[in-house]
Amino acid sequence: MSSDGCETNAAGRATLAREILSRESPTILMEAHNGLTARLVEEAGFEAIWASGLAISASLGLRDANEISWSQLVDVVETICDATRLPVLVDGDEGFGNFNNARRLVQKLDAVGAGGVCFEDKVFPKSNSFVEGVEQQLSPIPVFAGKIAAAVDARSSRGFAVVARTEAMIVGKGVDEALARAAAYAAAGADSVLVHSKRSDGADILEFLERWDSRVPVTLVPTKYPSLSIRALSEAGASNFIFANQGLRTIISALKANLAKLRASSDLMSIESEIAPISEVFRLQNLDELLAAEKKYEHFELRGRRQHERSEAQK
Ligand code: SPV
Ligand code: MG
């Protein structure tokens with residue numbers, strides 16, 4: 001439900017997602033993992049949401065290793081889409097299988113109002129890119145390009161965005177491999193290529209940007225190279241920036257701190273002044289809309305109940 005209580009226009013949102021990803025000016029997609037965090041992201045003024053696989057699985061107490069099913073992902077994305085008007089780019093991992101699983105996911109995400117999906121060129125079951133000591137296997141280029149082509153063909157005419165992500169540099173295959181993969185995925189119809197890296201100096205990303213021919217916009221996830229500014233990265237040629245997990249990590253830090261205080265003090269007053277009042281929870285739930293609707297509709301209910309009572313009495 002959007003802030004005025006109306007269903008959000010999914011068609012408009014999908015078109016907006018594609019448009020935003022190809023804009024000249026840099027776009028930041030901020031992580032959300034449920035309806036509440038989506039609403040907070042929108043209120044903070046961000047233009048688009050990243051429905052993060054890491055954050056969604058962590059919020060469900062699970063690992064980012066395809067432990068949540070694709071239908072669980074669709075359910076969470078639906079709550080996110082219901083809570084915001086922003087375009088939502090969904091982390092579709094590797095598509096939960098082959099081209100057929102990926103295109104079915106596209107149709108389902110499109111149907112619940114997502115603006116687009118990002119698929120990565122790993123094999124099922126994936127592992128988070130930053131997990132050390134796990135062998136991360138890449139899909140052969142033609143297989144993943146076929147998956148991207150299938151995803152592009154499966155989207156509705158409304159303009160659902162398909163982003164292709166290469167993990168070549170994450171698995172240590174270097175910039176040449178990342179460039180070859182990105183070119184193949186762009187040729188298969190991707191709206192943007194996401195190039196991922198875990199190098200803290202971002203040297204491989206900067207080399208990629210230098211050598212990329214810009215045939216489609218580049219999307220980055222600067223989690224591991226946060227000291228490279230968005231301005232510097234966009235001047236180097238990147239277009240979109242995913243702040244992939246900062247909301248989740250904020251919640252973990254803040255909640256841990258207050259749980260520790262409550263455990264130590266057994267005193268609600270030890271945190272009362274620093275937490276959101278209940279009225280703020282109601283506001284974020286858009287309770288006002290329900291109260292207004294009750295005023296508008298409750299006399300219908302009253303009338304119906306009276307009619308029912310009268311006809312019962314006449315029996
Ligand atoms: C996510 O947010 O789930 C991502 C980004 O895919 S990363 O965690 O860096 O792989
Ligand atoms: Mg992910």
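The values are calculated or read from the model by the stated rules, or taken from the named source; none is laboratory data. Quantities reported herein were computed from a predicted structural model and do not represent experimental measurements. Every residue, glycine among them, receives a Cβ derived from its backbone with ideal geometry; neighbour counts consider all protein chains shown. To get the accessible areas, we keep the full protein, side chains included, count just its heavy atoms, and leave off ligands, DNA and RNA. Shrake-Rupley method; radii C 1.70, N 1.55, O 1.52, S 1.80 Å.
Just a few scattered comments:
- Pick from the range 85-101, criterion within 15 Å of ligand 2 (Cβ to nearest atom) and over 17 Å from Asp75 (Cβ atoms), ranking: surrounded by the most Cβ atoms within 10 Å (Cβ to Cβ): Leu89
- Scanning the range 169-204 for residues that are farther than 28 Å from Gly159 by Cα, away from ligand 2 (no atom under 16 Å from the Cβ) and not hydroxyl-bearing (Ser, Thr, Tyr) turns up Gly172, Lys173, Gly174, Val175, Asp176, Glu177, Arg199, Asp201, Gly202, Ala203, Asp204.
- Selection over the range 50-96 of residues that are outside any helix (DSSP H, G or I) and within 20 Å of Ala161 (Cα to Cα) gives a count of 16.
- Tallying residues that are closer than 20 Å to Arg199 by Cβ and within 16 Å of ligand 2 (Cβ to nearest atom) within the range 224-248 yields 8.
- Test result for Thr250, touching a residue at least 40 places away in the same chain (Cβ under 8 Å) and either open to solvent by less than 40 Å² (accessible area, probe 1.4 Å) or assigned to a helix (DSSP H, G or I) (or both): no
- Answer residue from the range 112-128, given it is farther than 22 Å from Val76 by Cα and either among the acidic types (Asp, Glu) or assigned to a loop (DSSP other than H, G, I, E, B) (or both) and is most open to solvent (accessible area, probe 1.4 Å) among those: Val123
- Every pair of residues 6+ apart whose Cβ atoms lie under 6 Å, when the first sits in the range 34-63 and is surrounded by fewer than 20 Cβ atoms within 10 Å (Cβ to Cβ) while the second is among the small types (Gly, Ala, Ser) and in a helix (DSSP H, G or I): Gly35/Ala83
- Pair list, Cβ under 9 Å, 6 or more apart: the range 287-302 residue closer than 25 Å to Ala83 by Cα, other residue part of a helix (DSSP H, G or I) and open to solvent by 80 Å² or more (accessible area, probe 1.4 Å): Asp288/Phe282
- Selection within the range 205-239 - among the aliphatic types (A, V, I, L, M), in contact with a Pro (Cβ under 9 Å, 6 or more places away or on another chain) and either within 22 Å of Glu19 (Cβ to Cβ) or open to solvent by 20 Å² or more (accessible area, probe 1.4 Å) (or both): Leu228, Ile230, Leu233, Ala238
- Identity of the residue in the range 133-145, within 16 Å of ligand 2 (Cβ to nearest atom) and modelled with pLDDT under 95, that ends up most open to solvent (accessible area, probe 1.4 Å): Gln137
- Hits in the range 2-29 - residues which are open to solvent by 70 Å² or more (accessible area, probe 1.4 Å) and at pLDDT 85 or above: Arg18, Glu19, Ser22
- Flag if Gly202 is on the phi > 0 side of the Ramachandran plot, crowded, with 16+ Cβ neighbours inside 10 Å and in contact (Cβ under 8 Å) with a residue 40 or more places away in the chain: no
- Residue within the range 102-111 that is open to solvent by 30 Å² or more (accessible area, probe 1.4 Å), away from ligand 1 (no atom under 16 Å from the Cβ) and part of a loop (DSSP other than H, G, I, E, B) present: no
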